[in-house]
Every structure is written in structure tokens, then in C-alpha cells.
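**Q** The structure that follows is given in the form of C-alpha cells.
Every number in this text was worked out from the coordinates using simple rules, so none of it is lab data. None of the values given here were measured: they were computed from a predicted structure. Virtual Cβ from ideal backbone geometry, glycine too; neighbours counted across all protein chains shown.
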Amino acid sequence: MVKGGFTVIAIATVLCAAVLLVMSGGTILLGKSPATPSAQSTISPFAPGDIVYTSTPVVQDVPPSPPPPPPRSTRKPAAGMPPAVDTVLRRGTLIVISKATQEMYVFKDGALWGTSPVSTGKRGHDTPVGMFPILQKRVFHRSNIYSNAPMPHMQRLTWTGIAIHAGKLPGYPASHGCIRLPAAFAKSLFAITEMGETTVIVTNNRVTSGSQARRLAVAMPMPQPGERGHLIQRPEPQLADLEDRPVNLLPTEPADPTPQLAAAPETRPVPEPTPVRAASAPGQTIQLAAKGSPDEAEAYWSRISARHPELESYEKAIIPATVGAKQYYRLRVTGPGANAACMALKRAGTDCFPVK
């Protein structure tokens, strides 16, 4: 029993010594190794062939954390200034939108390209008045403000959510500020506009013809650049004040530097040109409308043909006529099956009648 007690005391002594060595960074002798002994220091307490483990801590190199990304900028790009009206009348696209008549007039390189009904902003979401550039174009876009609503053939006017796009036209202002167009017209307009070569004018004036739209556009003051992508709009002119004011409605051409011989003065009065109907196409003739000017008749034709593309296959003619003391311009189309087309137009709510 005494021998067993000494054995326990010896084992406890060895374990205590091992713990003290580990805590002080020393070495631990675990046992003998059958490997070939190596040279040892004369002061080493271990015999050759012993396996020795050290308690020296291992420090792992940790790469530094990457710097945090810079904060994302939420600032919108600058709106930029719209091209001058006289510039886009020479080369480019001019769009005039009347909130009073819910009509759009489009000029391409100075000529009236087409007109269309629109639906602008309802009360509380008024479409802003002024002069705007095209900031962005997307064939298909969804609103990030109003429930992801679709905005086909979107052409952005402001960074605050105002754009031209295809949508429903109930016949009155009904949007949240955008300018809605019929789908076919929105697609055709999208194809002819270019950013940097298009100016859009929105007016409260009652515009009823292309000549009025052009006159108003020429007199419209340019906006001033603002902050955060906004333009500061100046007060628009009143169309009634422009009727008696001489305004150059046509784009001015640069002077030709080549000297020209002076033409002989015209001694006979030059009659005012009137629309002349071309040779009649075979088929039937129907009358769509009678307007007070050729511009109004052309504008009505653009609007009706956009709604009813089948009319584009017919021959169009504008016929001047005097009823009483007033001048009118009748819009007629001729072609095979025109009477049947007229009946379809009547069912759709468009006035029409056959011409015998």
C-alpha cells in the first residue's frame, strides 16, 4: 500500500510540474521516440530522442478589412436647357400641348407633322406649364411613383415624374401629371424625336390650330436653369395678345453668300394659293369634316387617321368652299369601300357622310 501511495504522489508531482511549465511558456516532455537521436544542447534537461512540444503561441496574419463603399448619390442629373424653338423649327421636333383643348401639335423640321388628343394632369396633379427638353426615352417603362403603372413609349420631361407616354384618354384631364397619348400616336412620335433636338411646350392657352401653336411656341420665353434637375419657368405669353403682334412663324434660313441676280418685279397680283384636289382615285368619296382653315383640316386628318389607321389607304383632299359669307375647308377621302368605312366611323362616334 505504501508503494501505491508513493506512485500516486509521483504521478501528481509530474502533472503539477507539467502544468507549471505550460503556464510559464516552457516545454513538456511527453515520452521517448524511437527515432534517431539528434544533437542536443549541453544544458537541455531532455535526453536524445525525446519529443518536445513548445507552448509558443502562433499569430495568424489577418488582412485588413476593406474600406466601406462611398455613399450612393441620390442627386438627379441636371435637366439641361431645351433647344431654342427657332432651332428645332429648322431641324428637329417641336411639340406643343394645350391643356385647355387637350390637344397636341407636332412639327417636324418646321412642318406640321401631326396632331393628337391628349389627357393631361387632373386637379391636384396638374401638368406643369413651360418649355422642356426630352431627358430620357424608353420603349417600355414603369412608374416608380404610382404603383408600378406601365408607361409605354415614355419620353421624360422632368425628373419629378412628368413624361409623355401612351395611356388611356377619357376625353378630359385624368393623369397624375403626365401627358397621355393614343398608343399608335405615342409610338410614331417616339420614332421621330431625338434628345437634344426636341422641344416640348405645355401651355394653358386654348390652341385650336397649327398656326396658333407655332405662334405661341415662337413667343414662349426660355426657362432658366435651376437646381437639382429643375428648370425655372417664366410666365407664358397670352395667345390673344399675340394675334395682333407680327411674329415670324417660319424658320429663317441662313443667307446664301452667293450673289444672285435681282428678279424682275411681279406686276400682276399673285392670288392666294388654295388647296387643290388631286385627280380622283377610283372608288367612293366620303366627307369627314369641314374646318375653318387648311391647318385645322390637316390637324383633324392627323387625329382621325391615328385613331383609324385604315383611312391611310385612301386618297385625302381638302376642298375649299364658301357657305354664306364664311370660308370652309372640307376634308374628304376617296377609295374603294369608302362608304363601308364611313359606316364604321359613325358607329365609333365620328361624323361622316357619303358624297355623291
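**Q** Return the long-range amide H neighbours of residue 103 (sequence gap of 5 or more, or a different chain), with a cut-off of under 5 Å between placed amide H atoms.
**A** Amide H neighbours of residue 103, under 5 Å, 5+ apart: 98, 118.
**Q** Quick one: Karplus J couplings for the stretch 285-291, per residue in order, coefficients 6.51, -1.76, 1.60, θ = phi - 60°, nearest Hz, x for Gly and Pro?
**A** Per residue, the Karplus-derived 3J(HN,Hα) values read 10, 10, 10, 9, 6, 10, 10 Hz.
**Q** Going down the table (108/291; 99/316; 122/168; 99/122; 99/187; 99/168), which pairs top 18 Å between alpha carbons?
**A** Checking Cα-Cα distances, 108/291; 99/316; 99/187 exceed 18 Å.
**Q** Could you sort the peptides 82-88, 123-129 by per-residue average Cβ neighbour count (10 Å cutoff), highest mean leading?
**A** Highest-to-lowest ranking by the protection proxy: 82-88, 123-129.
**Q** Just to check I understand the Karplus step: with θ = phi - 60° and J = 6.51 cos²θ - 1.76 cosθ + 1.60, what whole-Hz values come out for the stretch 151-164, glycine and proline as x?
**A** Result, rounded to whole Hz: 9, x, 6, 6, 10, 6, 9, 9, 7, 9, x, 9, 8, 9.
**Q** Per 0.36 nm of contour for each residue apart, how much would the distance between residue 346 and residue 10 grow if the chain were fully extended, relative to their Cα-Cα spacing?
**A** 109.1 nm
**Q** Let me ask another. What number in nm² do you get for the stretch 284-355 if you take the convex hull of its Cα atoms and divide its surface by four?
**A** Hull-based average projected area comes out at 4.4 nm².
**Q** At q = 0.19 Å⁻¹, what is the log10 ratio I(q)/I(0) for the stretch 85-225, with the Debye formula run over Cα points and no solvent?
**A** Normalising to I(0) and taking log10 leaves -1.11.
**Q** Still on this structure: Using modelled amide H (1.01 Å from N, peptide plane; none on Pro or chain starts), what sits under 5 Å from the amide H of residue 121, excluding residues fewer than 5 places away?
**A** Amide H neighbours of residue 121, under 5 Å, 5+ apart: 127, 175, 177.
**Q** I need the phi-derived Karplus couplings for the stretch 200-209: 6.51 cos²θ - 1.76 cosθ + 1.60, θ = phi - 60°, integer Hz, Gly and Pro marked x.
**A** 10, 10, 10, 10, 8, 5, 8, 9, 10, 8
**Q** Also: Using alpha-carbon positions, what is the distance between the centroids of the stretch 81-114 and the stretch 280-356, in Å?
**A** The distance from the Cα centre of the stretch 81-114 to that of the stretch 280-356 comes to 25 Å.
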